[in-house]
1. Within region 13-30, how many residues are surrounded by 18 or more Cβ atoms within 10 Å (Cβ to Cβ) and without any contact (Cβ under 8 Å) to a residue 60 or more places away in the chain?
2. Could you tell me whether any residue of region 309-321 is away from the ligand (no atom under 16 Å from the Cβ), surrounded by fewer than 19 Cβ atoms within 10 Å (Cβ to Cβ) and of a type in the set (Val, Ile, Thr)?
3. Which residue is farthest from SER233 (Cα to Cα), if the candidates are limited to region 43-77 and must be away from the ligand (no atom under 16 Å from the Cβ) and part of a loop (DSSP other than H, G, I, E, B)?
4. Please enumerate the residues belonging to region 304-315 that are in contact (Cβ under 8 Å) with a residue 60 or more places away in the chain and in a loop (DSSP other than H, G, I, E, B).
5. Just to be sure I understand, how many residues within region 188-197 are under 14 Å from LEU159 (Cβ atoms) and not hydroxyl-bearing (Ser, Thr, Tyr)?
6. Looking at region 359-372, is at least one residue buried (at least 16 other Cβ atoms within 10 Å of the Cβ), touching a residue at least 60 places away in the same chain (Cβ under 8 Å), of a type in the set (A, V, I, L, M, F, W, C) and not in a helix (DSSP H, G or I)?
7. Within 15 Å of the ligand (Cβ to nearest atom), hydrophobic (A, V, I, L, M, F, W, C) and assigned to a helix (DSSP H, G or I) - does that describe any residue in region 258-271?
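The values are calculated or read from the model by the stated rules, or taken from the named source; none is laboratory data. As the structure is a prediction and not an experimental result, all values here were calculated from the model. With ideal geometry, Cβ positions are generated from the backbone for all residues, glycine too; neighbour counts draw on all protein chains shown.
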Amino acid sequence: MSDSSGASGAPMPFPFPDGPMATAPPEFARRRSECPLSEVVLPTGDPALVAVRHADIQQIMSDDKNFTRDLSSPDAPRLFHNMLLLEDPTILLNMHGEDHLRLRRIVASAFTPRRAEQARPEISKIIDRLLDDVESGGHPADLMTFARLLPTRFISQILGVPEDDGEQLLEWVSAWLSFALPREDLDRAANDFSDYARALVERKRAEPGDSLIDHIINAHDVEDRLSENELISMIRMLIIGGNETIANAISRSLFSLLSQRQHWAALLADRSLVPAAIEELLRHNPPGGGTTGLIRLATADVELTSGSGVIRAGQGVFTPLVAAGHDPAVFPDPEQIRFDRPKTHSTMQFGAGRHYCLGVHLARVELELTLNALLDRFPNLRLAVPPAELPWSEGSYGVGLTGLPVVW
Ligand code: HEM
């Protein structure tokens, strides 16, 4: 393994600082050429490795045999002390092997490309209603409200959760993603959500329907394919997976398009570019910024085929997706937004391997319909303040905009 140190000779603290306006951390570029697999110190003080080359990140994330997402053992490195989500062994993202496959199969049929296509009218209806509110409120308007409400209304619909509960769900999601909240607040959020989910399940049992939640309850009650705790955790996973990611993808993509308005103009001139633009905008400015990614634990010694180094059994390795998407060996001039990039490699923004994003097709449809609706209704959309004045979140896993004031 190559040298991993910062200027002092000791491993550097991770996450690395972002570039200006929450752009990719410049440290990734330095490490890519000098020490592509290197040691870092996590905020908890635990040591871990960080991989920064596209090829290495892809190899690690695709290798479900030699790496696990189950970090529940006491020796596993912890990213944050106070973020229970990343360690919770009962959520899909952190499960391994047969249990992961069993649970994933239960919900997979609700997330096929066909289901995502069928959801278009519903998603469009939600977008139209929310944009009516934006339009009637006049400008400047904060598009962050739209970006937050669209995914929560839609995931509520899939899950059969009342629309009015959306704000409450969003509060729980931010608690789960926060590493700054005191432990008692986190525990309260976890307990409140469990009570809410159990009450919801009971209501659905009394009045069954055909939403995804009914399907999951059926898998528990009739087919005995998952436990009651797994049922609650699955609901939690879908609420987490489907909210913050989309809200941040919408706001960060709009930030890129409106702060470099030639790209907005390009989409106005040629709508056929929208699908490629979505992939490119996610690559360039991923929803969670520099910390997007997760730790995996090696269960055996693994040699990276690129020659970057060896990961020893028991070591944790972080795979930042923005580092993969900004590797110039795969995406030349990675800082440039180019809708005509050849599709030779995955941008990795939806992951790889068995944990590959379950909501990928829905996410693409939500983003495509959003961009087209905004281009249709607000062709003159502009940021209401200089890009450098936009507010970014702090204390949360995955930095995002907290406001996106626009005029048209
Ligand atoms: C732009 C939007 C999205 C992005 C960038 C994204 C990204 C990702 C990534 C990178 C992973 C894998 C993480 C890893 O293995 O390290 C993942 C997993 C997952 N995502 Fe998404 N996601 C998005 C939207 C959604 C939506 C809309 C849903 C659900 C409605 C969703 C549900 C999930 C679930 C359930 C998993 C865990 C899958 C498993 O562990 O088997 N995601 N996502």
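1. 1
2. yes
3. The residue in question is ARG53.
4. Passing the criteria: LEU304, THR305, SER306, SER308, GLY309, GLY314, GLN315.
5. So in region 188-197, the residues under 14 Å from LEU159 (Cβ atoms) come out as 193, 196-197.
Cutting the leftovers down to not hydroxyl-bearing (Ser, Thr, Tyr) gives us 193, 197.
Counting residues in region 188-197 that are under 14 Å from LEU159 (Cβ atoms) and not hydroxyl-bearing (Ser, Thr, Tyr) gives 2.
6. Within region 359-372 (the criterion being buried (at least 16 other Cβ atoms within 10 Å of the Cβ), touching a residue at least 60 places away in the same chain (Cβ under 8 Å), of a type in the set (A, V, I, L, M, F, W, C) and not in a helix (DSSP H, G or I)), the answer is no, since none of the residues qualifies.
7. Looking for residues that are within 15 Å of the ligand (Cβ to nearest atom), hydrophobic (A, V, I, L, M, F, W, C) and assigned to a helix (DSSP H, G or I), one finds none in region 258-271, hence no.
For (1) within 23 Å of the chain's Cα centre (by Cα); (2) within 27 Å of GLU394 (Cα to Cα); (3) outside any loop (DSSP other than H, G, I, E, B), each residue gets a yes or a no:
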{"position": "PRO286", "(1), (2), (3)": "yes, yes, no"}
{"position": "ARG296", "(1), (2), (3)": "yes, yes, yes"}
{"position": "VAL317", "(1), (2), (3)": "yes, yes, yes"}
{"position": "ALA323", "(1), (2), (3)": "yes, yes, yes"}
{"position": "PRO328", "(1), (2), (3)": "yes, no, no"}
{"position": "PHE339", "(1), (2), (3)": "yes, no, no"}
{"position": "LYS343", "(1), (2), (3)": "yes, no, no"}
{"position": "PHE350", "(1), (2), (3)": "yes, yes, no"}
